[in-house]
Each structure stands twice: as structure tokens, then as C-alpha cells.
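One structure is given here, and the rest of the page talks about it.
Computed from the coordinates by the stated procedures, all read-outs in this text should not be read as laboratory data. What you see is a predicted model, and the numbers here were worked out from it, not measured in a lab. Virtual Cβ from ideal backbone geometry, glycine too; neighbours counted across all protein chains shown.
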């Protein structure tokens, strides 16, 4: 018997990780390309021209972002595994059983 709460939580966490990656991932993918191809990185603004920055800061932001997304997805996978393997809710003592089917 599985534990549905962990399964639902796992699906939700994986979904959040994929949505966050899809919605905000485009901002963080250019750091590696700029660093490898050009050697200089720029921070872009809406109201002023691009400003030259150290590439390691931009790559660190990218790493933190992908670490956060990976944490969401990994937590979801762990929760799914725990939910599928979970049988703690069916391991109860006979004297603790309540409801229909209880023999007295």
C-alpha cells in the first residue's frame, strides 16, 4: 500500500522544479556561453547599457539557481520513492483499529 500524501507532494515538487527552470532558466544559461566564447561577461539592464562584470559571479548565480532547481526535483523524487514504498499507514496494532470491520 502506498502513501498518497508523499506521492502528491513528490509530483508537486517535481512540477515546481520544472516550472521554475522553464520560467527563469533562460536568464542563467548565457553565462557559460559568454564565458567560453568571449571571455567577458555582461550584465544587461532595461534602462542602461550593459555593464562588464566578472564571469565567475555570473556563473556562481547560475550554479546556485540550478542547485535550487535540482533540490526541488531531488526532493520530489525522494518523496515519490517514500510514497511508493511507504506502508507505515497499514502497520497498525489490531487493538488500535477503529471503524467498520473491527472485531470485538
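Using r as the Cβ-Cβ distance of residue 60 and residue 12, and R0 as 25 Å, what FRET efficiency do you calculate, to the nearest 0.05?
Here the calculated transfer efficiency is 0.30.
Just the Cα atoms of the chain, one point each, no solvent: what log10 I(q)/I(0) does Debye give at q = 0.13 Å⁻¹?
Reported log10 I(q)/I(0), two decimals: -0.66.
Could you give the length gained by full extension between residue 95 and residue 29, i.e. 0.36 nm per residue of separation minus their alpha carbon distance, to one decimal place? The partial results should precede the final answer.
Working: separation 66, 0.36 × 66 = 23.76 nm, distance 5.82 nm.
Gain on stretching residue 95 to residue 29: 17.9 nm.
Fully extended, how many nm does the chain gain between residue 74 and residue 51 (0.36 nm per residue separation, minus their Cα-Cα distance)?
Full extension of this stretch gives 4.7 nm more.
Over the chain, what relative contact order in percent results from Cα pairs under 8 Å that are six or more residues apart? Write down the numbers at each step before the final one.
Working: 99 pairs, mean separation 50.7, N = 104.
Relative contact order of the chain: 49 percent.
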